[in-house]
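Asks: To start, I am sharing the structure in question, which I have written as structure tokens.
Read-outs throughout are calculated quantities, based only on the coordinates presented, and are distinct from any laboratory measurement. Worth saying up front: this structure is predicted, and the values here are computed from it rather than measured. Please note: Cβ atoms are built from the backbone with ideal geometry, for glycine as well, and neighbour counts cover all protein chains shown.
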Amino acid sequence: MQTYVDRGVVSGITTLVARHGKMVHWESTGFRDLETQDPLEPNDIFRIYSMTKPVTAVAIMMLVEAGTLAIDGELSSYLSDFADVLVYENGKQIPPEEPITIRHLLSHTSGMTYGLFGNTPVDAMYREANVFSGDLADLANKVAKIPLLAHPGTVWNYSVSADILGRVIEVISGLSFDDFLREQIFEPLDMQDTGFFVPPEKASRFVTSYTRSSNGSLTVGDPMTESAYDTRPTLLSGSHGLVSTARDFARFAQMLLNGGELEGKQLLRPGTVEMMRTNVLPQSLIPIRIGFWQAPGYGFGLGFSVLTSQEKTPEPDNNGTFRWWGIGSTYFWIDPIDDVVGIVMAQLNPPMAGRMEQDFQTLVYEALQN
């Protein structure tokens with residue numbers, strides 16, 4: 001990991017490994033901020049972007065277990081604006097062959113899109129509508145007025161589905177999305193530094209986010225001070241809104257590896273977690289792809305990618321490993337076979353196609369064999 005810092009690929013990296021429920025490695029190298037040369041510390045705070053999605057998925061499944069939400073319930077039963085949603089097909093807008101369900105949203109087969117990674121007419125509509133403005137209610141209202149990219153259940157397409165689920169959580173629970181996550185997940189799991197913004201007393205632990213300039217050098221994308229994360233945002237994004245630490249996210253991941261329980265706190269039943277980490281995609285939709293990126297051998301469950309063909313992946317993964325990542329260069333994997341949780345956190349946006357994670361994971365599994 002030090003070589004990535006020495007070569008100027010990233011400013012700093014934090015890595016963590018837990019095995020058999022115990023933390024066996026937690027280290028940082030490099031800097032929290034290049035200008036100040038503040039050393040990166042293991043408990044520093046990172047923007048985790050799309051690693052927010054699995055947290056949203058767990059919140060949804062808690063409501064399913066509570067009986068207040070049906071996983072195969074129609075989205076329009078909870079958000080009525082989606083009752084008349086249409087599908088864009090060959091230049092026309094037609095009724096969907098089946099309604100959008102909560103399961104579709106969890107598995108990114110809802111037919112929705114992002115507007116960020118594609119050049120379809122529907123992606124253009126998302127950009128024109130500026131869907132990521134206002135709050136979750138505004139986002140859901142805008143998305144409901146835009147046709148779907150495909151019929152629900154027919155394609156895997158990375159999308160705003162987790163943001164729509166965040167709004168479902170607000171409507172069902174009567175709480176703001178951040179309050180629900182705090183009360184039902186973060187406090188029970190003692191995730192002390194996870195939330196939608198960094199309060200002033202923790203600002204000194206917030207890592208500067210970098211991007212790569214045309215000459216290859218790192219330039220500040222979002223600073224550690226005067227950051228966009230200084231205050232509670234209007235949009236509490238279920239897709240990409242959270243900040244966290246390696247320690248906090250490892251506790252979340254360990255809960256999942258334990259079958260929904262951590263230190264006596266049972267968030268989900270083992271059977272629910274098993275369902276979440278089971279691939280739901282037909283072979284025709286594997287491997288999953290986002291733009292030019294793809295994950296060989298990986299399908300998708302309810303909130304995570306899931307390895308179905310270990311001989312096809314470049315990672316040293318066992319079948320059944322489930323994982324996800326964030327566009328700011330944060331990654332995690334959960335391996336039920338070897339009983340391992342792995343975390344890699346840096347702040348480079350866009351990332352370098354997961355190479356750091358692959359290298360670190362290779363080192364981890366080589367160590368397990370020695």
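Asks: Taking the Cα centre of the chain as the origin, how large is its charge dipole in debye, to the nearest 20, when only Lys and Arg (+1) and Asp and Glu (-1) carry charge on their Cβ atoms?
Replies: Here the size comes out at about 480 debye.
Asks: Compute, for the stretch 1-131, the length of the dipole vector about the Cα centre, with Cβ point charges of +1 (Lys, Arg) and -1 (Asp, Glu) only. Units Debye, rounded to 20.
Replies: 360 debye
Asks: Rounded to a whole number of µm²/s, how large is the Stokes-Einstein D of the stretch 8-59 at 10 °C and 1.306 mPa s, given Rh as the Kirkwood radius over C-alpha pairs?
Replies: 123 µm²/s
Asks: What residue among Tyr331, Tyr78, Tyr298 has the largest mean-square fluctuation in a Gaussian network model of the chain, using Cα springs under 10 Å?
Replies: Tyr78
Asks: Sticking with this structure for a sec: Rounded, prolate or oblate: pick one for the stretch 239-370, where a ≥ b ≥ c are the square roots of the eigenvalues of its C-alpha gyration tensor, a/c under 1.5 means rounded, and failing that, prolate if a/b is larger than b/c, else oblate.
Replies: Taking the square roots of the gyration eigenvalues as a ≥ b ≥ c, the stretch 239-370 is rounded.
Asks: Please state the relative contact order of the stretch 1-106 as a whole percent: Cα pairs under 8 Å, 6+ residues apart? List each step's numbers first, then the result.
Replies: Numbers: 109 pairs, mean separation 15.4, N = 106.
It rounds to 15 percent for the stretch 1-106.
Asks: On to the next question. Need one number: the % of Cα-Cα pairs in the stretch 51-100 sitting beyond the 15 Å mark.
Replies: Value for the stretch 51-100 (Cα pairs over 15 Å): 60 percent.
Asks: Got a sec? Which residues in the stretch 38-53 would a label at Val220 touch, if it sits 7 Å along Cα→Cβ and we count backbone N under 13 Å?
Replies: Residues passing the 13 Å test: 38.
Asks: Further, regarding this structure: Please compute the modelled spin-label separation between Asn370 and Ala83, points set 7 Å along Cα→Cβ, answer in nm with one decimal.
Replies: 6.4 nm
Asks: Pairs of alpha-carbon atoms within less than 8 angstrom and 6+ residues apart define the contacts here; what relative contact order does the stretch 62-173 have, in percent?
Replies: 34 percent
Asks: Can you give the angle from 0 to 90° between the axis of helix 161-173 and the longest principal axis of the chain, with both taken from C-alpha atoms, to the nearest 10?
Replies: The angle comes out near 80 degrees.
Asks: Would you look at the GNM of the chain, springs on alpha carbons closer than 10 Å, and say which of Ser244, Ser284, Ser50 moves the most?
Replies: Answer for the Gaussian network model of the chain: Ser284.
Asks: A further question on this structure: How do 146-159, 7-20 rank on mean C-beta neighbours within 10 Å, highest first?
Replies: Ranked from most to least packed, the peptides come out as 146-159, 7-20.
Asks: Also, I was wondering about something else. By count of other Cβ within 10 Å, fewest leading, how are Val207, Val24, Val306 ordered?
Replies: Val24, Val306, Val207
Asks: Also: Say each of Thr362 and Met23 gets a label point 7 Å from the Cα, pointing the same way as Cα to Cβ; how far apart are those two points in nm?
Replies: The modelled label-to-label distance comes out at 2.8 nm.
Asks: Also: Between Thr278 and Thr211, what is 0.36 nm times their sequence separation minus the Cα-Cα distance? Round to one decimal in nm.
Replies: Additional length available on full extension: 20.7 nm.
Asks: Can you show me the helix-derived [θ] at 222 nm for the chain, built from DSSP H runs with n ≥ 4 at -39,500 (n - 2.57) apiece and divided by the number of residues, rounded to the nearest 500.
Replies: -7500 deg cm²/dmol
Asks: Using the Cα centre as the reference, give the magnitude of the dipole from point charges on the C-beta atoms of the stretch 62-173 (Lys, Arg: +1; Asp, Glu: -1; all else neutral), rounded to the nearest 20 debye.
Replies: Details: 6 positive and 14 negative charges, 44 e Å.
Value, rounded to 20: 220 debye.
Asks: Also, quick follow-up: Report the full-extension gain for the segment Val171 to Leu116: residue separation times 0.36 nm, less the Cα-Cα distance, to one decimal in nm.
Replies: Stretched fully, the Val171-Leu116 segment lengthens by 17.1 nm.
Asks: Suppose a student asked you for the relative contact order of the chain, using Cα pairs under 8 Å spaced at least 6 residues apart; what percent would you report?
Replies: Value for the chain: 21 percent.
Asks: Translational diffusion coefficient, Stokes-Einstein: compute it for the chain using the Kirkwood radius over C-alpha pairs as Rh, at 4 °C and 1.567 mPa s, and state it as an integer in µm² s⁻¹.
Replies: Using the Kirkwood radius from Cα pairs, D works out to 62 µm²/s.
Asks: Are there chymotrypsin sites (Phe, Trp or Tyr not before Pro) in the stretch 247-292 that DSSP puts in a loop and that have at most 13 other Cβ atoms within 10 Å, and which ones?
Replies: The qualifying sites are Phe292.
Asks: Apply the a/c threshold of 1.5 to the C-alpha gyration tensor of the stretch 62-173 and tell me whether it is rounded, prolate or oblate. Could the numbers behind the result be given before it?
Replies: Working: a/c = 1.84, a/b = 1.40, b/c = 1.31.
Because a/c hits 1.5 or more and a/b exceeds b/c, the stretch 62-173 counts as prolate.
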